[in-house]
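Novice: Here it is, the structure, as structure tokens.
None of the figures in this text is laboratory data; all of them are computed from the coordinates on show. Predicted model only: the values in this text are computed from it and were never measured. Cβ: placed from backbone, ideal geometry, glycine included. Neighbour counts: every protein chain shown.
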């Protein structure tokens, strides 16, 4: 009986921890644009092409939710990083609606899609996006920066946000010592996301 009580107490505590973590993420302060540029090992301009795997409805704990699909992005320009493949697979949902950031450049927060669940996971099919990425295994994921401009939709190939990021990354690279001017700043995990690289 004591062992069973301990089990349920532990389960309750774990559930509370997950709820607290989720609340913290949604209440987090957006990462400044300069920090996004510094922290992301890879930055690309890419177009949302098609589903590699459709979203699927999943039943769990007596309820239903929709699991993200896998979207193929065609890389049109690599602003930061080396050996970036021509196509990328990222989690998300395709849509037929624009989701532009209406804030001033440089963006201090993410597009409207970040407001509901902290991260924007909707991508207009055929539209271009400026993606701040990090590796996870042999693939990439969007930088886990809640409420931040890590996956903004672009209006054109001379979008003001794209121009700002290009200039910032150019200045950042020029400021590095000669021996460290590769795709990343150095071999260590960058910035506040360092723990994600060494788990």
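Novice: Hey, fewest Cβ within 10 Å first, where do 35, 136 land in order? Numbers along the way, then the final one.
Specialist: Details: 35 17, 136 11.
Final ranking by Cβ density, sparse to dense: 136, 35.
Novice: Also: For residue 138 and residue 97, FRET efficiency with R0 = 30 Å and r from the beta-carbon atoms, rounded to 0.05?
Specialist: 0.40
Novice: Hey, with R₀ at 35 Å, roughly what FRET efficiency would residue 59 and residue 171 work out to, going by the Cβ-Cβ distance, to 0.05?
Specialist: 0.10
Novice: Give the relative contact order (percent, whole number) for segment 100-150; include only Cα pairs under 8 Å separated by 6+ residues.
Specialist: Relative contact order, segment 100-150: 38 percent.
Novice: In addition: Put a dot 7 Å past each Cα toward the Cβ at residue 82 and residue 51; how far apart are the dots in nm?
Specialist: Here the modelled spin labels are 3.8 nm apart.
Novice: Moving on. Taking the number of other C-beta atoms within 10 Å as the exposure measure, put 82, 152 in order starting with the fewest.
Specialist: Listed from fewest to most nearby Cβ atoms, that is 82, 152.
Novice: Okay, moving on. Which ordering of 159, 98, 61 is given by a fewest-first count of other beta-carbon atoms within 10 Å? Present the calculation step by step, with values, prior to reporting the outcome.
Specialist: Numbers: 159 19, 98 11, 61 6.
The order, fewest Cβ neighbours first, is 61, 98, 159.
Novice: What length, rounded to one decimal in nm, is gained on full extension from residue 28 through to residue 156, with 0.36 nm per residue of separation minus their alpha-carbon distance?
Specialist: Contour length minus the Cα-Cα distance gives 43.1 nm.
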